[in-house]
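Have a look at the structure below before the remarks.
The values are calculated or read from the model by the stated rules, or taken from the named source; none is laboratory data. All values reported here derive from a predicted model rather than from experimental measurement. Please note that ligands, DNA and RNA were not included when accessible areas were found on the heavy atoms of the full protein model with its side chains. Shrake-Rupley method; radii C 1.70, N 1.55, O 1.52, S 1.80 Å.
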Amino acid sequence: MITVNVKKIAGLAGIALVLFFVIAQPGQAAGLVGNIIQFLRDSAESVITFVSSVFKG
(Lines give C-alpha, C1' and ligand atoms only; values in the text may rest on other atoms or scores of the structure.)
Protein backbone atom coordinates (compact mmCIF):
# COMPACT_ATOMS: atom_id res chain seq x y z
CA MET A 1 0.00 0.00 0.00
CA ILE A 2 1.36 3.42 -0.98
CA THR A 3 1.00 6.23 1.52
CA VAL A 4 0.40 9.59 -0.15
CA ASN A 5 1.73 12.64 1.61
CA VAL A 6 -0.70 15.32 0.39
CA LYS A 7 1.28 18.17 1.93
CA LYS A 8 4.43 17.14 0.06
CA ILE A 9 2.58 16.74 -3.23
CA ALA A 10 0.89 20.13 -2.83
CA GLY A 11 4.25 21.74 -2.09
CA LEU A 12 5.86 20.20 -5.15
CA ALA A 13 2.91 21.24 -7.32
CA GLY A 14 3.19 24.80 -5.98
CA ILE A 15 6.90 24.94 -6.75
CA ALA A 16 6.28 23.56 -10.24
CA LEU A 17 3.60 26.18 -10.85
CA VAL A 18 5.90 29.01 -9.73
CA LEU A 19 8.74 27.72 -11.92
CA PHE A 20 6.42 27.44 -14.91
CA PHE A 21 5.16 31.00 -14.38
CA VAL A 22 8.72 32.38 -14.05
CA ILE A 23 9.92 30.55 -17.16
CA ALA A 24 6.84 31.27 -19.29
CA GLN A 25 6.37 34.94 -18.32
CA PRO A 26 9.42 36.32 -16.52
CA GLY A 27 8.41 39.98 -16.91
CA GLN A 28 5.02 39.47 -15.31
CA ALA A 29 6.55 37.28 -12.59
CA ALA A 30 9.03 40.04 -11.73
CA GLY A 31 6.21 42.58 -11.65
CA LEU A 32 4.21 40.36 -9.32
CA VAL A 33 7.16 39.98 -6.94
CA GLY A 34 7.68 43.75 -7.03
CA ASN A 35 4.01 44.31 -6.19
CA ILE A 36 4.20 41.86 -3.28
CA ILE A 37 7.31 43.57 -1.90
CA GLN A 38 5.66 46.99 -2.24
CA PHE A 39 2.55 45.71 -0.44
CA LEU A 40 4.66 44.33 2.42
CA ARG A 41 6.61 47.59 2.65
CA ASP A 42 3.42 49.68 2.73
CA SER A 43 1.91 47.38 5.36
CA ALA A 44 4.99 47.63 7.56
CA GLU A 45 5.02 51.41 7.28
CA SER A 46 1.33 51.53 8.24
CA VAL A 47 1.93 49.38 11.32
CA ILE A 48 4.90 51.56 12.32
CA THR A 49 2.80 54.71 11.90
CA PHE A 50 0.00 53.19 13.99
CA VAL A 51 2.31 52.10 16.81
CA SER A 52 4.09 55.48 16.80
CA SER A 53 0.75 57.26 17.01
CA VAL A 54 -0.40 55.10 19.92
CA PHE A 55 2.71 55.83 21.97
CA LYS A 56 2.82 59.58 21.16
CA GLY A 57 -0.65 60.26 22.51
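Per the 1.4 Å probe, what fraction of the accessible area of the chain, in percent, lies on carbon and sulfur atoms? Intermediate results must be reported in sequence, preceding the final value.
Values: 3870 of 5250 Å².
C and S fraction of accessible area: 74 percent.
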Study note, to complete from the structure: In degrees, nearest 10, the alpha-carbon axis of helix 26-56 is tilted away from the dominant principal axis of the alpha carbons of the chain by 30 degrees
Review point. What does the convex hull of the alpha-carbon atoms of the range 6-56 project to on average, in nm²?
Key: 5.0 nm²
Check your understanding: Taking Cα atoms, how many degrees apart are the long axis of helix 6-24 and the longest axis of the chain, rounded to 10 and kept between 0 and 90?
Key -> 80 degrees
